[in-house]
1. Need pairs with beta-carbon distance below 6 Å; first residue more than 8 Å from chain A (Cβ to nearest Cβ) and within the stretch B:102-115, second crowded, with 20+ Cβ neighbours inside 10 Å and among the basic types (Lys, Arg); sequence gap 6+ or separate chains.
2. For the subset of the stretch A:55-105 comprising residues that are in contact with a Cys (Cβ under 8 Å, 6 or more places away or on another chain) and not hydrophobic (A, V, I, L, M, F, W, C), which member is modelled with the lowest pLDDT?
3. When both residues are 6+ apart or on different chains and their Cβ atoms are under 6 Å apart, which pairs have a first residue that lies in the stretch A:23-46 and is away from chain B (no Cβ under 12 Å), and a second that is surrounded by 21 or more Cβ atoms within 10 Å (Cβ to Cβ) and outside any loop (DSSP other than H, G, I, E, B)?
4. Checking residue B:92 against (1) buried (at least 21 other Cβ atoms within 10 Å of the Cβ); (2) of a type outside the set (Phe, Trp, Tyr); (3) closer than 24 Å to residue A:5 by Cβ, which single condition isn't satisfied?
5. I'm checking my understanding of the structure. Among residues of the stretch B:14-43 that are surrounded by fewer than 17 Cβ atoms within 10 Å (Cβ to Cβ) and in a strand (DSSP E or B), which one is modelled with the lowest pLDDT?
6. When you go through B:68, B:78 one by one, which is the residue that is part of a strand (DSSP E or B), without any contact (Cβ under 8 Å) to a residue 12 or more places away in the chain and not β-branched (Val, Ile, Thr)?
7. Tell me, please, whether a residue that is crowded, with 16+ Cβ neighbours inside 10 Å, at negative phi, without any contact (Cβ under 8 Å) to a residue 40 or more places away in the chain and part of a loop (DSSP other than H, G, I, E, B) can be found in the stretch B:46-60.
8. If the requirement is being more than 14 Å from every other protein chain (Cβ to nearest Cβ), surrounded by fewer than 20 Cβ atoms within 10 Å (Cβ to Cβ), in contact with a Phe, Trp or Tyr (Cβ under 8 Å, 6 or more places away or on another chain) and not in a loop (DSSP other than H, G, I, E, B), which of these qualifies: A:76, A:63?
Amino acid sequence: GNSVTQMEGPVTLSEEAFLTINCTYTATGYPSLFWYVQYPGEGLQLLLKATKADDKGSNKGFEATYRKETTSFHLEKGSVQVSDSAVYFCALISTDSWGKLQFGAGTQVVVTP
Amino acid sequence: DAGVIQSPRHEVTEMGQEVTLRCKPISGHNSLFWYRQTMMRGLELLIYFNNNVPIDDSGMPEDRFSAKMPNASFSTLKIQPSEPRDSAVYFCASSMGQGEGGELFFGEGSRLTVL
(Lines give C-alpha, C1' and ligand atoms only; values in the text may rest on other atoms or scores of the structure.)
Protein backbone atom coordinates (compact mmCIF):
# COMPACT_ATOMS: atom_id res chain seq x y z
CA GLY A 1 0.00 0.00 0.00
CA ASN A 2 0.88 3.67 -0.05
CA SER A 3 2.51 5.39 2.89
CA VAL A 4 4.24 8.62 3.77
CA THR A 5 6.84 8.99 6.50
CA GLN A 6 8.00 12.37 7.70
CA MET A 7 10.28 13.48 10.44
CA GLU A 8 8.81 13.94 13.86
CA GLY A 9 8.47 17.32 15.39
CA PRO A 10 8.43 19.71 16.86
CA VAL A 11 11.19 21.38 14.96
CA THR A 12 12.22 24.56 16.73
CA LEU A 13 14.45 27.09 15.05
CA SER A 14 15.27 30.76 15.05
CA GLU A 15 14.10 33.29 12.51
CA GLU A 16 16.22 33.32 9.33
CA ALA A 17 17.44 29.77 9.94
CA PHE A 18 17.39 27.08 7.25
CA LEU A 19 14.53 24.59 7.45
CA THR A 20 14.46 21.03 6.18
CA ILE A 21 11.64 18.59 6.77
CA ASN A 22 12.31 15.09 5.52
CA CYS A 23 9.64 13.09 3.76
CA THR A 24 9.89 9.64 2.22
CA TYR A 25 7.20 7.57 0.63
CA THR A 26 6.21 4.16 -0.63
CA ALA A 27 3.69 3.94 -3.38
CA THR A 28 2.30 1.70 -6.07
CA GLY A 29 1.86 3.26 -9.45
CA TYR A 30 3.24 6.71 -10.20
CA PRO A 31 2.52 9.09 -7.34
CA SER A 32 2.16 12.82 -7.29
CA LEU A 33 3.62 14.42 -4.18
CA PHE A 34 2.43 17.35 -2.11
CA TRP A 35 3.20 19.50 0.87
CA TYR A 36 0.28 20.93 2.78
CA VAL A 37 0.53 23.46 5.61
CA GLN A 38 -1.81 23.94 8.55
CA TYR A 39 -1.62 27.22 10.43
CA PRO A 40 -3.00 27.31 13.99
CA GLY A 41 -6.77 27.05 14.09
CA GLU A 42 -7.11 26.58 10.35
CA GLY A 43 -7.59 23.82 7.85
CA LEU A 44 -4.86 22.50 5.62
CA GLN A 45 -3.86 24.32 2.49
CA LEU A 46 -1.74 23.23 -0.43
CA LEU A 47 1.78 24.64 -0.25
CA LEU A 48 3.39 23.01 -3.29
CA LYS A 49 3.31 19.91 -5.42
CA ALA A 50 5.29 17.86 -7.93
CA THR A 51 3.74 15.39 -10.31
CA LYS A 52 6.72 13.51 -11.76
CA ALA A 53 10.28 12.57 -11.00
CA ASP A 54 12.77 15.44 -10.82
CA ASP A 55 10.02 18.06 -10.73
CA LYS A 56 10.58 20.83 -8.23
CA GLY A 57 7.62 22.41 -6.52
CA SER A 58 8.01 25.86 -5.02
CA ASN A 59 5.90 28.46 -3.27
CA LYS A 60 6.40 31.20 -0.67
CA GLY A 61 10.14 30.48 -0.54
CA PHE A 62 9.61 26.78 0.09
CA GLU A 63 10.93 24.15 -2.31
CA ALA A 64 10.78 20.38 -2.64
CA THR A 65 12.16 18.11 -5.35
CA TYR A 66 10.59 14.81 -6.32
CA ARG A 67 13.41 12.25 -6.04
CA LYS A 68 12.28 8.91 -7.37
CA GLU A 69 15.61 7.20 -6.75
CA THR A 70 15.43 7.93 -3.03
CA THR A 71 11.62 8.04 -2.86
CA SER A 72 11.86 11.37 -1.12
CA PHE A 73 10.26 14.82 -1.25
CA HIS A 74 12.04 16.88 1.38
CA LEU A 75 10.77 20.38 2.10
CA GLU A 76 13.27 23.23 2.40
CA LYS A 77 13.27 26.93 3.05
CA GLY A 78 16.37 29.03 3.19
CA SER A 79 15.29 31.63 5.73
CA VAL A 80 12.25 31.02 7.88
CA GLN A 81 10.05 33.64 9.47
CA VAL A 82 7.93 33.52 12.60
CA SER A 83 4.90 33.40 10.33
CA ASP A 84 6.09 30.02 9.00
CA SER A 85 5.23 28.44 12.33
CA ALA A 86 2.72 25.74 11.41
CA VAL A 87 2.27 22.03 10.93
CA TYR A 88 3.52 20.70 7.60
CA PHE A 89 2.12 17.57 6.00
CA CYS A 90 3.69 15.56 3.22
CA ALA A 91 1.17 13.69 1.09
CA LEU A 92 0.80 11.63 -2.04
CA ILE A 93 -1.76 10.48 -4.55
CA SER A 94 -0.91 7.48 -6.69
CA THR A 95 -2.50 6.49 -9.95
CA ASP A 96 -4.38 3.71 -8.22
CA SER A 97 -5.58 5.62 -5.18
CA TRP A 98 -8.60 7.21 -6.88
CA GLY A 99 -8.31 10.67 -5.48
CA LYS A 100 -7.41 9.65 -1.95
CA LEU A 101 -4.59 11.72 -0.54
CA GLN A 102 -2.30 9.74 1.77
CA PHE A 103 -0.96 12.10 4.43
CA GLY A 104 2.07 11.81 6.63
CA ALA A 105 1.76 12.40 10.37
CA GLY A 106 2.69 16.06 10.11
CA THR A 107 5.68 17.97 11.44
CA GLN A 108 5.19 20.94 13.71
CA VAL A 109 7.58 23.81 13.06
CA VAL A 110 8.08 26.54 15.64
CA VAL A 111 10.05 29.61 14.61
CA THR A 112 11.19 31.95 17.37
CA PRO A 113 12.17 35.59 16.93
CA ASP B 1 -14.96 33.57 -3.37
CA ALA B 2 -16.11 31.71 -0.31
CA GLY B 3 -14.10 28.68 0.64
CA VAL B 4 -15.36 25.49 2.19
CA ILE B 5 -17.74 26.39 4.98
CA GLN B 6 -18.19 24.17 8.00
CA SER B 7 -20.49 24.44 10.96
CA PRO B 8 -20.45 24.44 13.86
CA ARG B 9 -16.86 25.53 14.53
CA HIS B 10 -17.05 24.16 18.04
CA GLU B 11 -19.38 21.63 19.57
CA VAL B 12 -19.41 20.35 23.12
CA THR B 13 -21.83 17.59 23.88
CA GLU B 14 -22.40 14.77 26.30
CA MET B 15 -21.84 11.13 25.61
CA GLY B 16 -24.82 9.53 23.94
CA GLN B 17 -26.03 12.65 22.19
CA GLU B 18 -26.38 12.97 18.44
CA VAL B 19 -23.94 15.25 16.67
CA THR B 20 -24.39 16.65 13.18
CA LEU B 21 -21.59 18.43 11.38
CA ARG B 22 -22.29 20.38 8.23
CA CYS B 23 -20.28 21.31 5.18
CA LYS B 24 -20.80 23.51 2.17
CA PRO B 25 -18.18 22.81 -0.50
CA ILE B 26 -16.81 25.33 -2.95
CA SER B 27 -19.25 25.95 -5.75
CA GLY B 28 -18.34 23.92 -8.82
CA HIS B 29 -16.33 21.33 -6.93
CA ASN B 30 -17.70 17.84 -7.40
CA SER B 31 -15.64 15.87 -4.87
CA LEU B 32 -16.08 16.18 -1.13
CA PHE B 33 -14.02 14.60 1.62
CA TRP B 34 -14.52 14.25 5.37
CA TYR B 35 -11.38 13.94 7.51
CA ARG B 36 -10.85 13.51 11.22
CA GLN B 37 -7.76 14.85 12.97
CA THR B 38 -6.52 13.75 16.37
CA MET B 39 -3.16 13.92 18.07
CA MET B 40 -2.97 10.16 18.33
CA ARG B 41 -4.03 9.18 14.81
CA GLY B 42 -3.27 12.27 12.77
CA LEU B 43 -5.43 12.89 9.70
CA GLU B 44 -7.82 10.12 8.76
CA LEU B 45 -10.02 10.07 5.69
CA LEU B 46 -13.49 9.02 6.76
CA ILE B 47 -15.45 9.14 3.52
CA TYR B 48 -15.48 10.82 0.20
CA PHE B 49 -18.12 11.64 -2.37
CA ASN B 50 -17.92 12.26 -6.08
CA ASN B 51 -20.90 13.90 -7.76
CA ASN B 52 -22.84 13.42 -4.51
CA VAL B 53 -22.27 9.66 -4.53
CA PRO B 54 -20.24 8.02 -1.73
CA ILE B 55 -17.20 6.45 -3.37
CA ASP B 56 -15.26 5.14 -0.42
CA ASP B 57 -16.47 4.96 3.16
CA SER B 58 -13.91 2.47 4.37
CA GLY B 59 -12.55 5.02 6.81
CA MET B 60 -15.80 5.45 8.68
CA PRO B 61 -14.97 4.05 12.10
CA GLU B 62 -18.23 2.28 12.87
CA ASP B 63 -21.96 2.28 12.36
CA ARG B 64 -22.38 5.22 14.69
CA PHE B 65 -20.99 7.40 11.92
CA SER B 66 -22.96 8.26 8.81
CA ALA B 67 -22.54 10.83 6.06
CA LYS B 68 -24.84 12.17 3.40
CA MET B 69 -24.60 14.48 0.47
CA PRO B 70 -28.13 15.25 -0.68
CA ASN B 71 -26.97 17.79 -3.26
CA ALA B 72 -23.83 19.36 -4.67
CA SER B 73 -23.75 22.15 -2.13
CA PHE B 74 -24.28 20.39 1.17
CA SER B 75 -23.04 17.43 3.17
CA THR B 76 -23.50 16.22 6.72
CA LEU B 77 -21.54 13.94 8.99
CA LYS B 78 -23.59 12.49 11.81
CA ILE B 79 -22.48 10.64 14.93
CA GLN B 80 -25.15 8.84 16.88
CA PRO B 81 -24.61 8.10 19.70
CA SER B 82 -21.48 10.09 20.35
CA GLU B 83 -18.69 8.83 22.60
CA PRO B 84 -15.72 10.61 24.24
CA ARG B 85 -13.32 8.91 21.83
CA ASP B 86 -15.02 10.77 18.98
CA SER B 87 -13.53 14.01 20.27
CA ALA B 88 -11.49 15.42 17.40
CA VAL B 89 -11.39 18.11 14.76
CA TYR B 90 -13.44 17.14 11.73
CA PHE B 91 -12.49 18.68 8.42
CA CYS B 92 -14.44 18.86 5.22
CA ALA B 93 -12.56 19.38 1.96
CA SER B 94 -13.62 19.72 -1.64
CA SER B 95 -11.92 19.51 -5.01
CA MET B 96 -12.47 19.61 -8.72
CA GLY B 97 -12.77 16.33 -10.57
CA GLN B 98 -11.97 13.29 -8.50
CA GLY B 99 -9.23 14.99 -6.57
CA GLU B 100 -6.61 13.34 -8.72
CA GLY B 101 -4.84 16.67 -9.06
CA GLY B 102 -4.24 16.55 -5.33
CA GLU B 103 -5.44 20.03 -4.50
CA LEU B 104 -8.00 19.77 -1.80
CA PHE B 105 -9.54 22.89 -0.30
CA PHE B 106 -10.17 22.46 3.40
CA GLY B 107 -12.64 24.15 5.66
CA GLU B 108 -11.58 25.49 9.02
CA GLY B 109 -12.84 22.41 10.80
CA SER B 110 -15.38 21.55 13.46
CA ARG B 111 -13.86 20.88 16.86
CA LEU B 112 -15.96 18.27 18.67
CA THR B 113 -15.66 17.56 22.36
CA VAL B 114 -17.71 14.71 23.78
CA LEU B 115 -17.83 14.68 27.56
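1. Between residues of the stretch B:102-115 that are more than 8 Å from chain A (Cβ to nearest Cβ) and residues that are crowded, with 20+ Cβ neighbours inside 10 Å and among the basic types (Lys, Arg), there is no close pair.
2. The extreme case among them is A:104.
3. Within 6 Å, the pairs are A:23/A:6; A:23/A:90; A:25/A:4; A:25/A:92; A:27/A:92.
4. Evaluating residue B:92 over (1) buried (at least 21 other Cβ atoms within 10 Å of the Cβ); (2) of a type outside the set (Phe, Trp, Tyr); (3) closer than 24 Å to residue A:5 by Cβ leaves (3) as the failure.
5. For the stretch B:14-43, the residue satisfying everything is B:42.
6. It is B:68.
7. Yes - at least one qualifying residue is present in the stretch B:46-60.
8. A:76
The values are calculated or read from the model by the stated rules, or taken from the named source; none is laboratory data. Here the structure is a predicted model, which means the values were calculated and not measured. Cβ: placed from backbone, ideal geometry, glycine included. Neighbour counts: every protein chain shown.
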